[in-house]
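Visitor: What follows is a single structure, and I will ask about it in a moment.
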Amino acid sequence: MYIGLLSDTHGVFDEPFKEFFQPVDQIWHAGDFGGGLETAQEIASFKPLIGVYGNCDGQDIRMEYPHHQFFECGGMSVLMMHIGGYPGHYDLRARALIDSLRPQVFVCGHSHILKVMRDTYYDMMTINPGAAGIQGWHLVRTALRFRIEGGKISDMEVFNYPR
């Protein structure tokens, strides 16, 4: 499966990101859709969407998308939530879910900082795609795309676009 991953769109899903995600099979959104349900619907009408709500999302998003998702993709278990952290510095709720579910891939957003790190303690890949929107302090908008097949992640690409 070819995955497009983004977070923190804050109401913006524009042409550069659509072009980057054109070849993917599915888009994952790690929260803070922003712009109300319309942003989520725009992304979902473009490609199949798996998402979670973020701290800035209103009730309309929270009624459609859960706090976290735990699912299988390409032979790997995936846990996705908005506020998560990174190896050695996980949010308490994230750590509790990681401890109980033991995912192979942990996806989060919130920080607006792109990070891809291997967590050797939990034996999992931790992925934060940074921020795709224009709200926040970041200077570059980012997203990722990669393949998950046969229990492995491969062909990861970073998309950088100036604010």
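Visitor: Could you give every pair whose Cβ atoms fall below 9 Å, whose first residue belongs to the stretch 42-61 and is farther than 23 Å from S111 by Cα and touching a residue at least 60 places away in the same chain (Cβ under 8 Å), and whose second residue is surrounded by fewer than 18 Cβ atoms within 10 Å (Cβ to Cβ) and among the small types (G, A, S), counting only separations of at least 6 or pairs across chains?
Guide: none
Visitor: Oh, and also: For the stretch 13-46, what are the residues that are open to solvent by 30 Å² or more (accessible area, probe 1.4 Å) and assigned to a loop (DSSP other than H, G, I, E, B)?
Guide: Within the stretch 13-46, D14, Q22, P23, D25, G35 meet the criteria.
Visitor: Please indicate, with yes or no, whether at least one residue in the stretch 109-117 is farther than 20 Å from Q69 by Cβ, over 16 Å from the mean Cα position of the chain (by Cα) and surrounded by fewer than 22 Cβ atoms within 10 Å (Cβ to Cβ).
Guide: No - not one qualifying residue is present in the stretch 109-117.
Visitor: Could you give me the residue pairs with C-beta distances under 6 Å whose first residue belongs to the stretch 4-25 and is under 15 Å from R147 (Cα atoms), whose second residue is of a type outside the set (G, A, S) and part of a helix (DSSP H, G or I) wherever it lies, and which are 6+ apart or on separate chains?
Guide: G4/F21
Visitor: A further question on this structure: Looking only at residues in the stretch 47-84 that are among the acidic types (D, E) and farther than 28 Å from D123 by Cα, which one is most open to solvent (accessible area, probe 1.4 Å)?
Guide: It comes out as E64.
The values are calculated or read from the model by the stated rules, or taken from the named source; none is laboratory data. As the structure is a prediction and not an experimental result, all values here were calculated from the model. Glycine also receives a Cβ, built like all others from the backbone with ideal geometry; neighbour counts cover every protein chain displayed. Note: areas computed on protein heavy atoms with side chains; ligands, DNA, RNA excluded. Shrake-Rupley method; radii C 1.70, N 1.55, O 1.52, S 1.80 Å.
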